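Enquirer: First the structure, which I've put down as C-alpha cells, then a few questions once you've had a look.
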Amino acid sequence: MSRISLVALCIAAPLTLALTACGGGDADDKPAKSQVKETAPAGVAHQHTVLDAEIAARGGETRVGEYRIGYIVEAAEPWFHAEHGKQVNRTPAKDETHHIEIIPMEAETGRIVPDVPIRLEVVDKDGKVVQAQDLNFYYAEFFHYANNFSIPEAGTYTLRATLGTPTFLRHGASGEKPALSKAVTATFRDVELKPES
C-alpha cells in the first residue's frame, strides 16, 4: 500500500466514524417520528391530565390566535395571599358564588402561558356585564388564572376573557415575529352558572 493510500485511509476512517456518530448516516438509520416517544416529567403530565378532565367536566375550550384557551367553573374557593410578608388564607366572601378559571395555553406546544393580564366579563342574556374582574395567577394542581365572582341568579351566561400581551421577554432576532405578542379575546357562550356554594 502506498504512503498516499495510508494517509487517505487514516483521514477517511475517522471522518466516516465521526459522520456516523453525528447522525450523518442515511435517513433510514433514524427512527420514524412515530417511533420517537416524547416524555414529560410526571408532574407536568399529571397537571395536563387533571386539566383536560376538569375542562371536559366543568368547562370548555376554544382556539384563538396562538392560544388554546380553556375555562372551568367551580364553587367559590379560598386561597392564600401575601399580607405583611406572610401568606394568609382568604375565605370566600358571603356573596361570592363561583370561582371561574381561565387557562391560556400555547396552542402549538400545550404549555400554560405565564404573565398574561386577563380580564374576565360575565355577560347575561341581555348583553349586560354582570361582573368583570382581573384574574389572578394561581398555583394549584395546574397553573391557572381565576377569581371568585358574585353571580346574582342562576342562568345561562357568556364568559368573555380578554388576554393582554404577556409581560415576559422573548428571545428572537431582529425581523422575527415575537411569539404571543397580540391580545386576544375568547368568548364562551351558553355557560350555565347555577348556585355552586
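The values are calculated or read from the model by the stated rules, or taken from the named source; none is laboratory data. Just so it is clear, the structure is predicted and the values come from calculations on it, not from any experiment. Every residue, glycine among them, receives a Cβ derived from its backbone with ideal geometry; neighbour counts consider all protein chains shown. Quick note on the areas: whole protein, heavy atoms, side chains included, nothing else; ligands and nucleic acids left out. Shrake-Rupley method; radii C 1.70, N 1.55, O 1.52, S 1.80 Å.
Enquirer: Cβ-Cβ below 7 Å, separation at least six or inter-chain, first residue in segment 56-83 and farther than 30 Å from Lys177 by Cα and of a type in the set (Asp, Glu), second open to solvent by less than 60 Å² (accessible area, probe 1.4 Å) and assigned to a loop (DSSP other than H, G, I, E, B): which pairs?
Expert: Hits for this filter: Glu74/Glu196; Glu77/Pro92.
Enquirer: Which residues, counting only those in segment 98-129, are buried (at least 17 other Cβ atoms within 10 Å of the Cβ), of a type in the set (A, V, I, L, M) and more than 28 Å from Gly43 (Cβ to Cβ)?
Expert: Within segment 98-129, Val122, Val123 qualify.
Enquirer: So which residues in segment 145-170 are in contact with a strand residue (DSSP E or B) (Cβ under 9 Å, 6 or more places away or on another chain), under 21 Å from Lys182 (Cβ atoms) and either in contact (Cβ under 8 Å) with a residue 60 or more places away in the chain or not basic (Lys, Arg) (or both)?
Expert: Result: Tyr145, Leu159, Ala161, Thr162, Leu163, Gly164, Pro166.
Enquirer: Could you pull out the residue among Pro114, Pro166, Pro104 that is over 21 Å from Lys194 (Cα atoms) and assigned to a strand (DSSP E or B)?
Expert: Just a single option satisfies the conditions, and that option is Pro104.
Enquirer: Let me ask you something else. What number of residues within segment 53-65 are in a helix (DSSP H, G or I) and surrounded by 14 or more Cβ atoms within 10 Å (Cβ to Cβ)?
Expert: The total comes to 2.
Enquirer: Residue by residue through segment 130-149, note down the ones that are part of a strand (DSSP E or B) and open to solvent by 60 Å² or more (accessible area, probe 1.4 Å).
Expert: Asp134, Asn136, Phe137
Enquirer: Which condition does Asp95 not pass, out of (1) open to solvent by 60 Å² or more (accessible area, probe 1.4 Å); (2) more than 25 Å from Pro195 (Cβ to Cβ), if it passes all the others?
Expert: The number of the failed condition is (2).
Enquirer: Can I ask one more? Can you find a residue that is touching a Pro at 6+ places or on another chain (Cβ under 7 Å) and assigned to a strand (DSSP E or B) anywhere in segment 178-187?
Expert: The answer is no; no qualifying residue exists.
Enquirer: Do any residues in segment 99-123 that are more than 13 Å from Tyr139 (Cα to Cα) have Cβ atoms under 9 Å from those of residues that are buried (at least 20 other Cβ atoms within 10 Å of the Cβ) and of a type in the set (S, T, N, Q), where the two are at least six apart or on different chains, and which pairs are they?
Expert: His99/Asn147; His99/Asn148; Ile100/Asn147; Ile100/Asn148; Leu120/Asn147
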